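Here the structure is laid out as structure tokens; the discussion comes afterwards.
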Amino acid sequence: MKNDWFMGFIEGEGSFVDSPRRASKTDPKYYPRFVFTITQKELSVLERTKIFLGDKNIDSKIQPSNGEYFLRVETKESLFNLCKFLDLQEWCSDNKFRQYQKWKVKIIKWFESGYNKRQY
């Protein structure tokens, strides 16, 4: 798998999500949660993508849901490594690039805030 193919896949199928979550149902506080996800019907494509990301120290999980599969990157270290990788790539979609930039700014603020609890 090449970087150009992966970038096309991200720009077409990828989502940069930030949504607050509680640590538990009884916890009144919300904590930041950042996720990069790709949805695909073909499991083999996501399995190859997982290997590609793993070679770049980006941990990901594949989960089935309603006949589709989701590849998610959500640990702090892997999100940071994903950002470092994406910053070096050439983007074709200005809209997707803007989405990524806004998402990345929120992640950087979160890291710089000294927030050291795990994300939920």
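In this structure, is residue 90 of a type in the set (Asp, Glu) and assigned to a loop (DSSP other than H, G, I, E, B)? Criteria met by residue 90. Which residue, of 100, 69, is surrounded by 12 or more Cβ atoms within 10 Å (Cβ to Cβ) and either at pLDDT below 90 or not in a helix (DSSP H, G or I) (or both)? Of 100, 69, the one residue that is surrounded by 12 or more Cβ atoms within 10 Å (Cβ to Cβ) and either at pLDDT below 90 or not in a helix (DSSP H, G or I) (or both) is 69. Scanning region 26-85 for residues that are aliphatic (A, V, I, L, M) and under 20 Å from residue 97 (Cα atoms) yields 35, 38, 53, 58, 71, 73, 79, 82.
With the structure loaded, tell me whether residue 36 is within 21 Å of residue 95 (Cα to Cα), out of contact with any Asp or Glu (no Cβ under 9 Å at 6 or more places or on another chain) and of a type outside the set (Gly, Ala, Ser) or whether it fails that test. So residue 36 does not fit the description; no. Exactly one residue out of 56, 41, 84, 50 is free of Cβ contacts under 8 Å to residues at least 12 places away in the same chain and among the charged types (D, E, K, R), and it is 84. Restricting region 34-64 to residues that are among the aromatic types (Phe, Trp, Tyr) and part of a strand (DSSP E or B) leaves a set whose member that is modelled with the highest pLDDT is 36. A single entry from 24, 19 fulfils the requirement of being touching a Lys or Arg at 6+ places or on another chain (Cβ under 7 Å) and under 27 Å from residue 112 (Cα atoms): 19.
The values are calculated or read from the model by the stated rules, or taken from the named source; none is laboratory data. These numbers were taken from a predicted model, which means no experiment stands behind them. Positions of Cβ are generated from backbone atoms using ideal geometry, with glycine treated the same way; all protein chains shown enter the neighbour counts.
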